[in-house]
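The values are calculated or read from the model by the stated rules, or taken from the named source; none is laboratory data. Keep in mind that this is a model prediction, so the values were computed, not measured. With ideal geometry, Cβ positions are generated from the backbone for all residues, glycine too; neighbour counts draw on all protein chains shown. Only protein heavy atoms, including side chains, enter the accessible area calculation; ligands, DNA and RNA are left aside. Shrake-Rupley method; radii C 1.70, N 1.55, O 1.52, S 1.80 Å.
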Amino acid sequence: MEAVPARARAYVVCVALGALLCLLPLPPVRASWWAVLLLAALYAGGEQVARRRFAGTFYPVLLAGAFLLPPYAAALVPLPGALFSVVEQRPFLLRRICRAAHLVIGVWAVSHVHGALDARAAVEASDFPYVLLPAGAAVLVFCLVLAALDGVILALAEGLPLRRSWRGLFLRTLAPVGVHGLAGLMMAVLWRSPYGPVAALLVLFPMAVSWWVFAQYHRERAAHQATIRALVQAVDIKDGYTRGHSERVGQASMMIARELGMDEGRVEVLRFAGILHDVGKLGVPTRLLRKDGPLTPEERRVIELHPEYGHEITRGISFLGEARSAILHHHERVDGSGYPYGLVGSQIPECARVVAVADAFDAMTSTRSYSRARPVEVALAELQRCAGAQFDPRMVTALVRVIARDGWHPVVTADETRPTVPSPSPAADRPGARR
């Protein structure tokens, strides 16, 4: 996002001005400035460690500040840490200002809600379980504010529809921020107890353990992504005409899965399945993959081995789960005329039926050595025509619905100067059609 659109820059300016307004003490309220300084320093130091070592963030201190301080004072706590936080992408300053503004507004809102519920007296009195309810409401507000603000900047910077950029942001942050909120509440209660701030700092030790576990998960996930990236790059190098096809099929598979209401775990598996569906092409001779024009029957039989090759190549990759069955069966047809095993209807794994539709859609909307790209509307109409014979109607309907709502922007990956032949119908499955 080095070339940030003007609309995104304007948004950052507006949200920064809004954050400045949150820092105004209207009406004036006395604040414990030593507590503000201590919490701000603690957040700044903790944020550096959390982002460098744990791939996380230091929300407990922010939420403790919101439970202890008036809104304008609590809003000061995230400023130093956010403005000097670790940023990996340019433009660094703009990203830091945007993050600082989001956190200032979020903490200000939390403190306002917590104060409006008259919960600070309960914190000072350690009044359990009453303190839990207003703290929970404040955490919900924090998640909502951050999700709303993050979704807007994502939509403006990446050109995404707001509905799409907001999707899942709130739910993904609710569980971790809820845990951080509980830790922040314990910090606030201990801070106001006779044991004082030193006791409050002890709450951060179990949080450090949880961050370490979370960091291990992220490292494992990064290793998974690197494995997939390496396999996809190998396929793209071998079959240059389909460069980018795997990522687009993964994206279309995710869109279908989410439209069908699958949980995020399965959505991620479907993304892996879509990305790796053609990994078996590594076992197919390059001359066949790059051949212009139709294949002979013998060449086609060799091409049709790629799902089985892919299944074998990914045999030892345990995190793929049911994605391996999608790799094996994504060329099956619901009428039983597909390959490699001629499965019928519900015998075909659900994930394979999703990938089959995503694969055919991207194949039709991308230019190849043997076909020119079709318009999205034409491709969707063709999928609907073939629903019930080649494709699962439920998957086709889901793709049509989500594209009608969110749109689709296919990337032409083939060399337009190469000779082309008429585009094959996915229903006909002609020798030249080698998705």
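If the condition is being surrounded by 19 or more Cβ atoms within 10 Å (Cβ to Cβ), of a type in the set (D, E, K, R) and free of Cβ contacts under 8 Å to residues at least 40 places away in the same chain, then the stretch 96-136 contributes only ARG99. Of all the criteria given as (1) loosely packed, with under 14 Cβ neighbours inside 10 Å; (2) more than 19 Å from VAL249 (Cα to Cα), the one not satisfied by LEU288 is (1).
Selection of the stretch 331-359 for residues being closer than 11 Å to HIS277 by Cβ and either among the small types (Gly, Ala, Ser) or without any contact (Cβ under 8 Å) to a residue 24 or more places away in the chain (or both) yields ALA352, ALA356, ALA358.
Applying the set (1) modelled with pLDDT of 80 or more; (2) in a helix (DSSP H, G or I) to PHE214 leaves exactly one unmet item: (1). Out of all the residues in the stretch 83-91, is one or more of a type in the set (Phe, Trp, Tyr), more than 25 Å from the chain's Cα centre (by Cα) and either within 16 Å of VAL110 (Cβ to Cβ) or modelled with pLDDT under 90 (or both)? So far as the stretch 83-91 goes, yes, one or more of its residues are of a type in the set (Phe, Trp, Tyr), more than 25 Å from the chain's Cα centre (by Cα) and either within 16 Å of VAL110 (Cβ to Cβ) or modelled with pLDDT under 90 (or both). When the residues of the stretch 248-281 are filtered to those that are surrounded by fewer than 18 Cβ atoms within 10 Å (Cβ to Cβ) and at pLDDT below 90, the one that is farthest from GLN225 (Cα to Cα) is ASP263.
Just one of the numbered conditions (1) open to solvent by less than 10 Å² (accessible area, probe 1.4 Å); (2) in contact (Cβ under 8 Å) with a residue 40 or more places away in the chain is not true of ALA82: (2). SER371 falls short of the stated requirement of being closer than 23 Å to LEU295 by Cα, at pLDDT below 95 and under 29 Å from the mean Cα position of the chain (by Cα). For the stretch 179-211, the tally of residues that are under 18 Å from ASP127 (Cα atoms), under 33 Å from the mean Cα position of the chain (by Cα) and open to solvent by 80 Å² or more (accessible area, probe 1.4 Å) stands at 1.
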